[in-house]
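S.K.: Questions regarding the structure given below will be posed in turn.
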Amino acid sequence: MALLDIDNLHARIGGDHGKEILKGLSLTVNPGEVHAIMGPNGSGKSTLSYILAGKDDYEVTDGAVTFDGENLLDMEIDERAAKGVFLAFQYPIEVPGVATMTFLRAALNAQRKKRGEAEVSTPDFLRLVKERAGHLGINQDMLRRGVNVGFSGGEKKRAEILQMAILQPKLCILDETDSGLDIDALKVVSEGVNALRSPDRAMIVITHYQRLLNHIVPDFVHVMNKGRIVRSGGKELALELEANGYAEYQQDAA
Ligand code: ADP
Ligand code: MG
Ligand code: MG
């Protein structure tokens with residue numbers, strides 16, 4: 001069974017006169033697969049990720065989304081998270097006064113509670129964080145600081161991947177995780193993501209540029225334009241886009 005099945009999804013910005021942004025998008029993602037979604041700015045990539053995560057500014061007007069055999073669109077945002085949908089935000093928010101460590105534990109416990117599981121014990125949590133943070137080059141000082149407060153671009157992304165490593169989602173959605181990263185930070189983040197690849201976990205990696213895909217090598221690449229997937233292929237499609245740009249797609253759909 002597919003982990004995620006998006007069928008003919010149409011969506012607009014909330015309100016009766018909202019602009020339609022997704023215009024018949026279909027995508028099937030199986031466990032273990034990494035799908036890259038590329039495309040020009042404004043094609044609806046972030047809108048797709050927000051709709052999957054359950055952000056409520058959007059209204060789905062047609063189509064269906066099934067996650068693990070259930071209707072994803074019927075679920076509240078926290079229910080989606082508890083079932084294993086994770087969205088790494090393109091512009092992570094700062095949460096002053098809440099230590100990153102505390103935030104991570106609260107996020108994990110919220111999901112466990114929703115699933116009817118007991119809270120994680122302090123020693124278990126500390127062990128988990130220590131192990132996962134170490135792999136990502138995240139030190140104690142960073143974990144004590146407020147969420148994202150004073151974090152560099154690279155630190156924010158690493159914190160995001162740490163959150164993912166602790167929550168162990170079934171579906172990871174990374175929306176322009178590469179934006180603003182230098183090559184060293186990109187490597188650390190990519191290694192963190194690659195370490196989370198597993199036969200029972202799928203990833204959707206959204207990026208405007210090809211370079212991230214040198215490090216996180218996708219199984220499938222899709223080109224999105226004007227609210228639809230207009231082409232799909234293997235990892236070589238990303239290289240073709242790098243060479244030729246998106247101009248042909250922009251003309252095709254005009
Ligand atoms: P991408 O991530 O591919 O750059 P987006 O999903 O951010 O594309 O945007 C798709 C289109 O929807 C763009 O034309 C954008 O201007 C519009 N859009 C996105 N969010 C909003 C919003 N909150 N209000 C109005 N228009 C929006
Ligand atoms: Mg389908
Ligand atoms: Mg975007």
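The values are calculated or read from the model by the stated rules, or taken from the named source; none is laboratory data. Bear in mind that the values here come from a model prediction, so they are computed numbers and not experimental data. When we count neighbours, we look across all protein chains shown, and the Cβ atoms used for this are built from the backbone with ideal geometry, even at glycine.
S.K.: Could you list, in sequence order, the residues of the range 196-254 that are more than 22 Å from Cys172 (Cβ to Cβ), of a type in the set (A, V, I, L, M) and touching a helix residue (DSSP H, G or I) at 6+ places or on another chain (Cβ under 6 Å)?
M.R.: Scanning the range 196-254 gives a single hit, Val230.
S.K.: Hey, another quick one. Determine whether Ile21 is within 16 Å of ligand 2 (Cβ to nearest atom) and modelled with pLDDT of 95 or more. Please lay out each step first, then the result.
M.R.: On the way: within 16 Å of ligand 2 (Cβ to nearest atom): no; modelled with pLDDT of 95 or more: yes.
So Ile21 does not fit the description; no.
S.K.: Still on this structure, I have one more. Please specify each residue of the range 96-128 satisfying the condition of being in contact (Cβ under 8 Å) with a residue 40 or more places away in the chain and of a type outside the set (S, T, N, Q). Write out each step before concluding.
M.R.: Quick first cut of the range 96-128, residues in contact (Cβ under 8 Å) with a residue 40 or more places away in the chain only: 96-101, 103-104, 107-108, 111.
Passing the criteria: Pro96, Gly97, Val98, Ala99, Met101, Phe103, Leu104, Ala107, Leu108.
S.K.: Out of the residues in the range 38-55 meeting the condition of being at positive phi and within 10 Å of ligand 3 (Cβ to nearest atom), tell me which one is surrounded by the most Cβ atoms within 10 Å (Cβ to Cβ). Can you show your working first?
M.R.: Initially, the range 38-55 is screened for residues at positive phi, giving 39, 42, 44, 54.
Going one step further and asking which of them are within 10 Å of ligand 3 (Cβ to nearest atom), we end up with 39, 42, 44.
Values: Gly39: 25, Gly42: 13, Gly44: 23.
So the residue we want is Gly39.
S.K.: Let me ask another. How many residues does the range 1-32 contain that are farther than 23 Å from Gly84 by Cα and touching a Phe, Trp or Tyr at 6+ places or on another chain (Cβ under 9 Å)?
M.R.: Here the count works out to 6.
S.K.: Given the criteria among the basic types (Lys, Arg) and away from ligand 1 (no atom under 16 Å from the Cβ), does Lys226 qualify? Reasoning before the result, please.
M.R.: Working: among the basic types (Lys, Arg): yes; away from ligand 1 (no atom under 16 Å from the Cβ): no.
Answer is no for this residue.
S.K.: A follow-up question, please. For a quick check of your reading: which strands (runs of 3 or more DSSP E) sit entirely within the range 130-244 and have at least 1 residues that are surrounded by 14 or more Cβ atoms within 10 Å (Cβ to Cβ) and either among the hydroxyl-bearing types (Ser, Thr, Tyr) or without any contact (Cβ under 8 Å) to a residue 24 or more places away in the chain (or both)?
M.R.: Numbers: elements: 171-175, 202-206, 220-225, 228-233.
Correct list: 228-233.
S.K.: To continue, here is another question. Would you tally the residues in the range 1-17 being over 19 Å from Asn41 (Cα atoms) and touching a strand residue (DSSP E or B) at 6+ places or on another chain (Cβ under 8 Å)?
M.R.: We begin by selecting, within the range 1-17, every residue over 19 Å from Asn41 (Cα atoms); these are 1-9, 14-17.
Filter once more, so that each one left must be touching a strand residue (DSSP E or B) at 6+ places or on another chain (Cβ under 8 Å): 2-9, 14-15.
Within the range 1-17, residues that are over 19 Å from Asn41 (Cα atoms) and touching a strand residue (DSSP E or B) at 6+ places or on another chain (Cβ under 8 Å) number 10.
S.K.: Further question: With Phe103, Phe125 as the choices, which residue is part of a helix (DSSP H, G or I), at pLDDT 95 or above and crowded, with 17+ Cβ neighbours inside 10 Å? Please lay out each step first, then the result.
M.R.: Working: Phe103 fails: at pLDDT 95 or above.
Exactly one residue qualifies, and that residue is Phe125.
S.K.: Which count do you get for residues in the range 24-50 that are within 16 Å of ligand 2 (Cβ to nearest atom), of a type in the set (A, V, I, L, M) and within 17 Å of the chain's Cα centre (by Cα)?
M.R.: Quick first cut of the range 24-50, residues within 16 Å of ligand 2 (Cβ to nearest atom) only: 24-31, 33, 35, 37, 48.
This time we only want the ones that are of a type in the set (A, V, I, L, M), so: 25, 27, 29, 37, 48.
In the following step, the residues that additionally are within 17 Å of the chain's Cα centre (by Cα) were identified as 27, 29, 37, 48.
The total comes to 4.
S.K.: Do we find that Asp219 is of a type in the set (D, E, K, R), touching a Phe, Trp or Tyr at 6+ places or on another chain (Cβ under 9 Å) and at pLDDT 90 or above in this structure? Write out each step before concluding.
M.R.: On the way: of a type in the set (D, E, K, R): yes; touching a Phe, Trp or Tyr at 6+ places or on another chain (Cβ under 9 Å): no; at pLDDT 90 or above: yes.
In short, no.
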